[in-house]
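This report refers to the structure that appears directly beneath it.
The values are calculated or read from the model by the stated rules, or taken from the named source; none is laboratory data. Bear in mind that the values here come from a model prediction, so they are computed numbers and not experimental data. Using ideal geometry, Cβ is built from the backbone for each residue, glycine included, and neighbour counts are taken over all protein chains shown. We work out accessible area using only protein heavy atoms, side chains counted, and drop any ligands, DNA or RNA first. Shrake-Rupley method; radii C 1.70, N 1.55, O 1.52, S 1.80 Å.
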Amino acid sequence: MFRFLNLTLNGVSLGMIYAAVALALVMIWRATRIVNFAQGGMLMFTTFIAWDLAQRHHINYWVALAVAVGAGLVIGAVAERLLVRPVENGPPLNAVIVTLGLLIFLQALAGMIWGNAQAHSYSPAYSIVGYSAGDRTLLFSPNDVYIVTAVLIVVVVLYLLFQRTSLGLQMRAAAFSPEVARLLGVRVGRLLTLGWAIAAALGALAGILAAGTQTGYVQTVGPFDALLVYGFTAAVIGGLDSPIGAVIGGLLLGIVLSYADSYVSNNIQTMYAFLILIAVLMVRPNGLFSRSAARRV
Amino acid sequence: MPAILERSTLLRHTLFALVGIGVLLLLIHNLGDYRNSQLAPIAYTVCAAAGLTMLVGQSGQISLGHGAFMAVGAYTFALLQAKWTSSHPNVQLVGLLAAGVVVAAVFGAVVGVAAARLRGPYLAGATLALALGLPSLASYEKLSDHLGGSTGLNVTSPNPPTGVNAYRWQSIICCVSAVLVLWFLSNLSRSRVGRSFRAVRDDEVAAALCGLSVARVQVLAFVVSAGCAGLAGGLLAIINLTAGPGAFPLSLSLSLLAAIVFGGLGSMAGAAYGSVLVVMLNLSWAQTLTDKLSIHSAKVANNMPLMIYGVVLAVAMLAAPYGVQGALHRLRMLATGTRKS
Amino acid sequence: MLELEDVVTTYGAVRALDGVSLTVPDGTITAVLGANGAGKTTLLRSVNGLVRPRSGRIRYAGKDLTRTKVDNVVRAGIAHVPEGRGVITELTVEENLRLGALWRRNRRETQASLTEVYGMFPPLAERRNRSADTLSGGERQMLAVSRALMSRPKLLLLDEPSLGLAPRVTAQIMATLRRLRERQSLTVVLVEQNARSALSVADQAIVLNLGRVVASGAASELAADEKLRHAYLGF
Amino acid sequence: MRRGHIRLAAGGSMLLLLAATACGGSSSGGASSGGSSAPGVTATTVTIGSTQPLTGPAAPGYSEISQASDAYFKYINENGGINGRTITYKYLDDGYDPTKTVAQTKKLITQDKVFAIFNALGTPTHEKVIEFLNQQKVPDLFVASGCQCWDDVSAHPETFGWQPDYVIEGKILGEYVKKNFAGKKIAYFYQDDDFGKDGVKGLDMEIPKSQVVARESYQTSNPDIASQVQKFQSAKADVIVSFSIPAFTALLKLNALKVKYDPTLAVSNVGSDPLTLSGLLEAFAKQGGSTVKGSDLIQGVITDGYIASPADPTNSWIKLFQTIHDKYIPKLPFDGNVLYGMAAGYTFAQALAAAGANPTRDSLVKAVEAGLDQGPGLVPFRFSTSSHAGFTGVQIGVIKGTAVKLTGSPATTDDGNGPITAFDGTQPEAPANGIPTSG
């Protein structure tokens, strides 16, 4: 029972990080109907910026976080303007290849700047030693509380942005029906750029949260492959169009992976992700929370 | 061109295939070991990419996980090679490759049935997770004794006939396979099956109204393309002397996709061009270019080939959105002075 | 005043508009009639910048709109109700409406406009917080027209408002248009296949065929022209 | 999308032809070995090649090794070379991906025409080319991996190991644990491949099965090892013996820290380099709780070594390597990986010197089989005509400060049932000019 509790807590903490990545992918999917494979590369790159500031130059955790999030905004906006805009109306697969090219480019660029050789560690924001419950220690620490809270705050802020502000209304309109939105005077192009920028900033947060747990810190410069795939899996489970779905998908994935890891085998984590995904999609081919019909990639 | 060739597509394709094999044999004979060791991967990539073209370009589905089918082909080859030895090495080779094709095709049918329910990004997500998940099965405790864990299974390269060196023999095996695959798929896409693929791609509803079973056509497309990937996997096992999870990373699946988009989606020739481009870029060109730049920093030099690959991927899509085939088409249009409408 | 001068718009090799000239005086309703594929919708899309004319000139209130992008055309006071209504079904009724006035960035005006259109179409007021995909066809058309009016446009471009609607609803919408023209001197360009009901509200009309203007004049004159009615208008 | 043109099958094959000619046309025939002039050897140079993980999951730490070997060769070249020849070292990146290893190795053999493969790194990677190298009769010296599989004279006459194999290491580490932690509960943590499994094989030969309360493996691709550590904790293991790479040693420590679990760690040489480990743990120590700081987290970790330790700056080998390090690769940390690369380079120089004034592939192999001096090693090599295994043993040590403090004396054993015996020979001094001479 204690083990079950610990596994659940561990799953929640991991799941929130997957949820943040999934949210970023959902943002971009809603805005441009593109699955952004470069998300992993973008979050890796911004995480390294923060790492460079915090660990090499001993700058405060929060300042480094803010700079990385800012860098995310810029990278996202530039990527959309420079790379995605020109292929948006071309064959849909082209966008996939372009984001792939960007992923590889960022990976190489990070390697050039920071080297591929060292493993990097990143100071978490708070202690990672678990809380005590009686004479036992929970697998849930102040840092986990921080992760869960941070992602929840982002979710709430995004919800308010989308539902309560006119900017959010325009973003939704541009996402669901760009041509109609344009006819109503919405500057759709700018909103798409903004959507990418926010997504990349969100990715930066997810990357730093992951880096501060054991999950991310051994990553050297690399594509953050697993984080992207789990994020994507979570987003697809949730239904790609739905921010709430992304969060629930992320949590579901995190918790199930945590159980399966411990109760079945910890060598085939990626296989579980596939099985969960297939199980969900066979019952609901458009994910748990999707409303509009899927279009082609 | 004689009238009979004008009329019979099958005959024409067969003739071209024979000529192609002849030309390739001549080429292989004249290439050195190093060039042959690059030709072989190009050829097996062509097999997989051509199959993927049937799926993505012609039936309008997507797979980000074709590496998984290659893995099935490779593991089938490796497992059977250990169990079944034939007195005649060539019979054994053909048998093992065929087994890889069949098992991969069956596996493709299973995936296809699930895939027929999914569209667009959901299918993309499922196949992506498959590409990452399936190779990890090799490390599952209950299977790792049979599948060799993360190290994988060893494969022995078939002995060449006397007088042919090992590099050439591998090139011959791969190139002949590639030509056969192209021959088969070209005929298939000209047949009723190919037309039904395209009908489903262009408009599922209209295809269904014409009496096609959309799901069945989509499953068939998966079977065909998985079979081709299975063959490619078997060939990969021969060339790399291994069937292991590390040989089928996500990047393999994605580079296959890049190859067919590069070449120009939907065409067999495009799949061939694209494969050449992607494999050579990866194996050689990016490195050569880096060496020419003579960079002093090790960090920069180590990552330069990767960066060149990424930049080429993105720039190619921006410059030639319809791939090599599309660019050629446009050139031809310019040359003949006709306009595309 | 909206003026089109020898406008040519092509899709690939197809000339959808082949030298169209048209003048729409302020405070009038102009009907654009013609069969399917005559170029009616293209005419509207050329005006608001969704497609760019190959040649010719489009002017509104003295300004050249020929090369202006959609969002700036809207800001010049031209609203468009697209064919098939263009209601965003994922949003609520009120969100759709608000969207129409957003570029003005004026909360008070938006609120006033809301009250106004709710007054014009009471069914919308009742369903303001429902998702737009729960609306009937007629209500959707009301919503689309109201949304265009939210920005208080000077010129309204309407694309087939009667498509698929019951005659009673069509009549209601036409009546609203006439009322707006009279009270707010709104200028309207009304694209319609349903020539009879369009001509009943219009001041003037043009008839398009294969991208060319084949007839133009006062609405009453065209409605009286027997030959024209048989050849192009189908009533 | 415009309708795709279906091209003819022959069209495709013509393209292959085009491509192949485009990539450089025909070069002259295959690499012929043997004869008087060996491939890769000229009057003034010897070219050797290697595949190394310069990028990818194994790059941390290990990417220093080839740079260190190269630095040592540069030092030799500037001091007259070996038998008048300078050594050109071409190491290519395989990203720890076996498929790439095959392609890169083929490139080294067929295009660069190297004399020998030296210190190719990685068990899963090098396993894929060993057959090929032996078929082509290319000397495959001093593989950078402790797999037993390199020592198979009849099947792979060209291949030689270098570091003690993991079974030997497991046995000696196991014996130490058995002696010092009698009656305690012991757990194994190991990488799920031949590295980890061979190590466990060695451990099992010494540690009684009844004492082992948990055995958990990990995949390098999955850094979430919370569930393994949970199992260790609920089994109440007092000692964890770990055959892990540095990143996972650090993860083990970290996950234990999370649940306030503090077992004694005994870690294979592969995953215990103190500088690498404390680098990995440094950032966490700051937030890890009030009681720990910096490299404190790894003090007292039990491990082993087989070459001189940087903890002993008076050692002649350490002095030599430190000088070379400071001159050629000052930016790299002077850690176990750098020592490893230089020591392996020294062994190769020994072999080349012994291969004679006009070395051939055959004479190089024969020179190694004739036996080599242990050089910077703590124990002798086993090289002979019947064994291609490298160092025969290790010495137990404990992490103290930023280096491994070796204790007791080195022990040697075999990878079978042979006994573990203390080695009482002494380490030779480094040659004055730092370059081995023949004989």
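Of all residues in segment A:258-285, those satisfying the criterion of being crowded, with 20+ Cβ neighbours inside 10 Å, part of a helix (DSSP H, G or I) and out of contact with any Lys or Arg (no Cβ under 9 Å at 6 or more places or on another chain) are A:Ser258, A:Ala260, A:Asp261, A:Gln269, A:Thr270, A:Met271, A:Tyr272, A:Ala273, A:Phe274, A:Ile276, A:Leu277, A:Val280. Selection of segment D:191-219 for residues being acidic (Asp, Glu) and either outside any helix (DSSP H, G or I) or without any contact (Cβ under 8 Å) to a residue 24 or more places away in the chain (or both) yields D:Asp192, D:Asp193, D:Glu216. Please give the number of the condition B:Ala99 fails out of (1) closer than 15 Å to B:Gly227 by Cβ; (2) surrounded by 24 or more Cβ atoms within 10 Å (Cβ to Cβ). Every condition holds for B:Ala99 apart from (2). Output the residues belonging to segment D:351-392 that are within 21 Å of D:Gly80 (Cβ to Cβ) and either acidic (Asp, Glu) or open to solvent by 20 Å² or more (accessible area, probe 1.4 Å) (or both). Scanning segment D:351-392 gives D:Ala354, D:Gly356, D:Ala357, D:Asn358, D:Ser363, D:Leu372, D:Asp373.
For segment B:135-153, residues that are facing another protein chain (nearest Cβ under 7 Å) and at negative phi total 7.
Of the helices (runs of 4 or more DSSP H) lying entirely inside segment B:1-99, those containing at least 3 residues that are within 21 Å of the chain's Cα centre (by Cα) are B:9-30, B:33-53, B:66-83. Which is charged (D, E, K, R), in contact with a Pro (Cβ under 9 Å, 6 or more places away or on another chain) and surrounded by fewer than 24 Cβ atoms within 10 Å (Cβ to Cβ), of B:Arg119, B:Arg192? Criteria check complete, one pass: B:Arg119.
You will find that of B:Tyr122, B:Tyr167, the residue that is in a helix (DSSP H, G or I), over 21 Å from B:Phe248 (Cα atoms), modelled with pLDDT of 85 or more and within 8 Å of chain A (Cβ to nearest Cβ) is B:Tyr122 and no other. Considering the conditions (1) part of a helix (DSSP H, G or I); (2) within 14 Å of chain A (Cβ to nearest Cβ), B:Cys175 is excluded by exactly one of them, (2).
For segment B:159-169, check the following and say yes or no: at least one residue is in contact with a helix residue (DSSP H, G or I) (Cβ under 8 Å, 6 or more places away or on another chain) and closer than 19 Å to B:Val72 by Cβ. No; the residues of segment B:159-169 include none that is in contact with a helix residue (DSSP H, G or I) (Cβ under 8 Å, 6 or more places away or on another chain) and closer than 19 Å to B:Val72 by Cβ.
Yes/no per residue for (1) open to solvent by 20 Å² or more (accessible area, probe 1.4 Å); (2) acidic (Asp, Glu); (3) touching a Phe, Trp or Tyr at 6+ places or on another chain (Cβ under 7 Å):
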| site | (1), (2), (3) |
| --- | --- |
| C:Lys63 | yes, no, no |
| C:Asn72 | yes, no, no |
| C:Arg75 | yes, no, yes |
| C:Gly86 | no, no, no |
| C:Glu116 | yes, yes, no |
| C:Gly119 | yes, no, no |
| C:Asn129 | yes, no, no |
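Here D:Lys74 meets each of (1) of a type outside the set (Asp, Glu); (2) under 26 Å from B:Leu281 (Cβ atoms); (3) assigned to a helix (DSSP H, G or I); (4) open to solvent by 30 Å² or more (accessible area, probe 1.4 Å) with one exception, condition (2). Please work out if B:Ser294 is within 27 Å of B:Gly60 (Cβ to Cβ), out of contact with any Ser or Thr (no Cβ under 9 Å at 6 or more places or on another chain) and more than 7 Å from chain D (Cβ to nearest Cβ). It is false that B:Ser294 is within 27 Å of B:Gly60 (Cβ to Cβ), out of contact with any Ser or Thr (no Cβ under 9 Å at 6 or more places or on another chain) and more than 7 Å from chain D (Cβ to nearest Cβ). Residue selection: A:Val67 fails the criterion of being under 25 Å from B:Ser251 (Cα atoms) and among the hydrophobic types (A, V, I, L, M, F, W, C). Exactly one residue out of A:Ile208, A:Ile255, A:Ile244 is in contact with a Phe, Trp or Tyr (Cβ under 8 Å, 6 or more places away or on another chain) and surrounded by fewer than 23 Cβ atoms within 10 Å (Cβ to Cβ), and it is A:Ile244. Within segment B:182-203, the presence of at least one residue that is part of a loop (DSSP other than H, G, I, E, B), out of contact with any strand residue (DSSP E or B) (no Cβ under 9 Å at 6 or more places or on another chain) and without any contact (Cβ under 8 Å) to a residue 40 or more places away in the chain is confirmed. Considering each residue of segment A:187-195 in turn, none proves to be modelled with pLDDT of 90 or more, away from chain C (no Cβ under 14 Å), within 16 Å of the chain's Cα centre (by Cα) and buried (at least 24 other Cβ atoms within 10 Å of the Cβ).
Picking from residues in segment C:174-232 that are polar (S, T, N, Q) and in a loop (DSSP other than H, G, I, E, B), the one that is surrounded by the fewest Cβ atoms within 10 Å (Cβ to Cβ) is C:Ser185.
Selection within segment D:383-417: residues that are among the aliphatic types (A, V, I, L, M) and assigned to a strand (DSSP E or B). The member of this set that is farthest from D:Gly271 (Cα to Cα) is D:Ala411. Taking D:Cys149 and the conditions (1) touching a residue at least 24 places away in the same chain (Cβ under 8 Å); (2) crowded, with 18+ Cβ neighbours inside 10 Å; (3) not in a helix (DSSP H, G or I), which numbered condition does it fall short on, given that it satisfies the others? All conditions are met except number (3).
For B:Leu26, the conditions (1) at pLDDT 90 or above; (2) facing another protein chain (nearest Cβ under 9 Å); (3) surrounded by 15 or more Cβ atoms within 10 Å (Cβ to Cβ) all hold with the exception of (3).
From the set of residues in segment D:94-121 that are charged (D, E, K, R) and within 18 Å of the chain's Cα centre (by Cα), which is farthest from the other protein chains (Cβ to nearest Cβ)? Ranking the qualifying residues of segment D:94-121, first place goes to D:Asp94.
All of B:Gly266, B:Gly326 fail the test of being facing chain D (nearest Cβ under 9 Å), in a helix (DSSP H, G or I) and in contact (Cβ under 8 Å) with a residue 24 or more places away in the chain, apart from B:Gly326. Residues of segment B:278-305 that are among the aliphatic types (A, V, I, L, M) and open to solvent by 60 Å² or more (accessible area, probe 1.4 Å): B:Leu289, B:Leu293. Where helices (runs of 4 or more DSSP H) fall entirely within segment A:61-177, those with at least 2 residues that are away from chain B (no Cβ under 14 Å) are at A:61-79, A:142-164, A:166-176.
Here is a yes/no grid of residues against (1) assigned to a loop (DSSP other than H, G, I, E, B); (2) open to solvent by 10 Å² or more (accessible area, probe 1.4 Å); (3) of a type in the set (Asp, Glu); (4) in contact with a Phe, Trp or Tyr (Cβ under 7 Å, 6 or more places away or on another chain):
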position: D:Ser221; (1), (2), (3), (4): yes, yes, no, no
position: D:Gln228; (1), (2), (3), (4): no, no, no, yes
position: D:Phe232; (1), (2), (3), (4): no, no, no, no
position: D:Lys236; (1), (2), (3), (4): yes, yes, no, no
position: D:Ile240; (1), (2), (3), (4): no, no, no, yes
position: D:Leu251; (1), (2), (3), (4): no, no, no, no
position: D:Asn255; (1), (2), (3), (4): no, no, no, no
position: D:Lys260; (1), (2), (3), (4): yes, yes, no, no
position: D:Leu265; (1), (2), (3), (4): no, yes, no, no
